[in-house]
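Working notes, structure below.
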Amino acid sequence: MTGKTFLNRVANGETDVIQLLLSMLDECGASYCVIGGLGVNAYAEPVVSLDLDLVVVSDRVAALREIAAAKGMTVQDFEHSVNMSVSGSDLRIQLQSDPRYQEFISRAERHAVLGYEMSVACIQDVLRGKIWAYSDETRRQSKRQKDLSDIMRLVETHPELKPGLPPEIADKIE
């Protein structure tokens, strides 16, 4: 079974949402990079997630929203993200709107992740985003625990990252 087939089965995917998203990004000419758990999967042993977090260059978000709506996707605005989903898949696409993430796009690298060729934030930026997420005390505890686990996966696979961790996180992963 390929990574694509596996991910689409886990997501109950009647529609290949990731391929749809990648096509829409091409259609609107948007630079982007994957962050979050799927970004971690580019650098460490993959773990299944039903969230696809990414950063899209801010001046192309409106065009991407229009294309998504025209293709029948549900588009919702939240305080720190624009979320998109499609009927027939449990996969959730979350466009990060925090401006701190915009600089990640210029350092992104191409990676194959679960069978998809995509632009992924560099490992240092994936880690930085996970540190920001973990440090956000307004997030649900279960989400923060997953962020800590993702930080651990990155550091176990790439020990050279450990010295860059904030002390309060480094102490937790000893």
**Asked** Of all residues in the range 1-57, how many are among the charged types (D, E, K, R), modelled with pLDDT of 85 or more and in a helix (DSSP H, G or I)?
**Response** 2
**Request:** Assess whether ARG139 counts as being modelled with pLDDT under 95 and not hydrophobic (A, V, I, L, M, F, W, C).
**Result:** yes
**Prompt:** So is VAL61 in contact (Cβ under 8 Å) with a residue 24 or more places away in the chain, touching a helix residue (DSSP H, G or I) at 6+ places or on another chain (Cβ under 8 Å), closer than 25 Å to ALA133 by Cα and not acidic (Asp, Glu) or not?
**Reply:** no
**Asked** Which residue, of LEU114, LEU95, is farther than 21 Å from PRO167 by Cβ, at pLDDT below 95 and either of a type outside the set (D, E, K, R) or in contact with a strand residue (DSSP E or B) (Cβ under 9 Å, 6 or more places away or on another chain) (or both)?
**Response** LEU114
**Asked** Any residue at all in the range 124-131 that is closer than 28 Å to ALA68 by Cβ, among the hydrophobic types (A, V, I, L, M, F, W, C), within 12 Å of the chain's Cα centre (by Cα) and at pLDDT 95 or above?
**Response** yes
**Message:** With the requirement that a residue be within 18 Å of GLY37 (Cα to Cα) and surrounded by fewer than 15 Cβ atoms within 10 Å (Cβ to Cβ), what does the range 71-82 give you?
**Reply:** HIS80
**Request:** Please determine, by comparing only the residues of the range 149-169 that are of a type in the set (Val, Ile, Thr) and out of contact with any Lys or Arg (no Cβ under 8 Å at 6 or more places or on another chain), which one is surrounded by the fewest Cβ atoms within 10 Å (Cβ to Cβ).
**Result:** THR157
**Request:** Spot the failing condition for ALA69; the list is (1) within 24 Å of LEU148 (Cα to Cα); (2) modelled with pLDDT of 95 or more; (3) out of contact with any helix residue (DSSP H, G or I) (no Cβ under 7 Å at 6 or more places or on another chain), and only one is missed.
**Result:** (1)
**Request:** Tell me which residues, restricted to the range 96-148, are buried (at least 18 other Cβ atoms within 10 Å of the Cβ), more than 24 Å from ASP59 (Cα to Cα) and among the acidic types (Asp, Glu).
**Result:** ASP147
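The values are calculated or read from the model by the stated rules, or taken from the named source; none is laboratory data. Everything quoted here is computed from the prediction, not taken from an experiment. Using ideal geometry, Cβ is built from the backbone for each residue, glycine included, and neighbour counts are taken over all protein chains shown.
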